[in-house]
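What follows is a single structure, written as structure tokens, with notes after it.
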Amino acid sequence: MSDVQTGLILDMLEPSIYNTVTSGSSLEYQVEFAHVLTAIPSFILTTMDFPRLVYSYHFMSDAACEATRWASVRGSTFTFQGECSNGLDASPGCLVQVVVSYPYQFMFPFLPKGATTWTVSSTAEMVIS
């Protein structure tokens, strides 16, 4: 059948049938909508998750720095269980090391198992004064 004959046949059909044949079926739109409906929330959750991860790392880093500073200022008067690397307990000149960690849980639901939790950690060191 040639294009001219097809056009003539389509002209003789009802307008509603003609529109369905030429403009695409609603099934195509439903499939496209389903793809978009899963892609957009995934993109939004990913966009929200990574800044939360960076914020968590920044918070852990700040907490480690603050704890190290507190320990270095009050270390010579504070009693704790442990030893300094030079053999003295919490005396001036000893190195204080603070390690802070936090298990970060992603909101993004489509990550593989085991990849939904990352450990965010930070380490800070300072000399007791």
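The values are calculated or read from the model by the stated rules, or taken from the named source; none is laboratory data. As the structure is a computational prediction, the values presented were derived from the model and not from experiment. For neighbour counting, all protein chains shown are included, and Cβ atoms are generated from backbone atoms with ideal geometry for every residue, glycine included.
Kindly establish whether SER129 is surrounded by 13 or more Cβ atoms within 10 Å (Cβ to Cβ) and at pLDDT below 85. Answer is no for this residue.
Residues checked against (1) within 29 Å of THR119 (Cα to Cα); (2) assigned to a loop (DSSP other than H, G, I, E, B); (3) of a type in the set (Lys, Arg); (4) at pLDDT 60 or above:
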{"position": "THR6", "(1), (2), (3), (4)": "no, no, no, no"}
{"position": "SER61", "(1), (2), (3), (4)": "yes, no, no, yes"}
{"position": "ASN86", "(1), (2), (3), (4)": "no, yes, no, no"}
{"position": "MET107", "(1), (2), (3), (4)": "yes, yes, no, yes"}
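Selection of segment 102-126 for residues being surrounded by 14 or more Cβ atoms within 10 Å (Cβ to Cβ) and either touching a residue at least 60 places away in the same chain (Cβ under 8 Å) or touching an Asp or Glu at 6+ places or on another chain (Cβ under 6 Å) (or both) yields PHE106, PHE108, TRP118, VAL120, SER121, SER122, ALA124.
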